[in-house]
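**Q** Sharing a structure with you now.
Values in this text are rule-based calculations from the coordinates and carry no lab data. Treat the numbers as computed from the prediction; the structure is a model and nothing was measured. Don't worry about glycine lacking a Cβ; one is built from the backbone with ideal geometry, like all the others, and counts go over all protein chains shown.
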Amino acid sequence: MLTRVIILKRNSRREPNENDSNKSPLQRSACSQGVIVNNMFYSSGQIPLTAEGNLVQGDIQEQALQVFKNLDAVLTAAGASFETVVKATVFIKNMDDFAALNEIYGQFFSSHKPARSCVEVARLPKDALVEIEVIALVK
């Protein structure tokens, strides 16, 4: 699986810059892992793929933990962090898994609680159980 080079070039205009991390898999070749516009980072949805591109098998908590590892990689590459996330959007295959997902979510957003939406969906790429995208301020 090919990965893209991290592009940390930023500009003060409103032109988006791709921001890819080689520590997080590029899940779909048609998109970047995220873009920076001004001082805001917009991630693409992260699913539970390892850096090698393999789907993490297991329950919602095991998959969510990998998603957060991927988010950490792209946030770090962008010059952001979980503490600077202002909005998270969670796509979950089964809303019955919401409480279990929240246990993992709370490990990364304990004192800092960004705005969040959670949507149950019929299917996710590679039949993952969860996908999360974030918007964060760049330091």
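**Q** Counting Lys and Arg as +1 and Asp and Glu as -1, what is the net charge of the other residues whose Cβ lies under 13 Å from the Cβ of residue 83?
**A** Working: positive: 113, 139; negative: 72.
Here the charged neighbours net out to +1.
**Q** Show the residues, 5+ positions off or on another chain, whose built amide H is closer than 5 Å to the amide H of residue 118.
**A** Under 5 Å from the amide H of residue 118: 90.
**Q** Rounded to whole Hz and in sequence order, give me ³J(HN,Hα) for region 120-136 from the Karplus expression 6.51 cos²θ - 1.76 cosθ + 1.60, θ = phi - 60°, writing x for Gly and Pro.
**A** 7, 10, 6, 7, 10, x, 6, 6, 5, 8, 8, 9, 9, 10, 9, 10, 9
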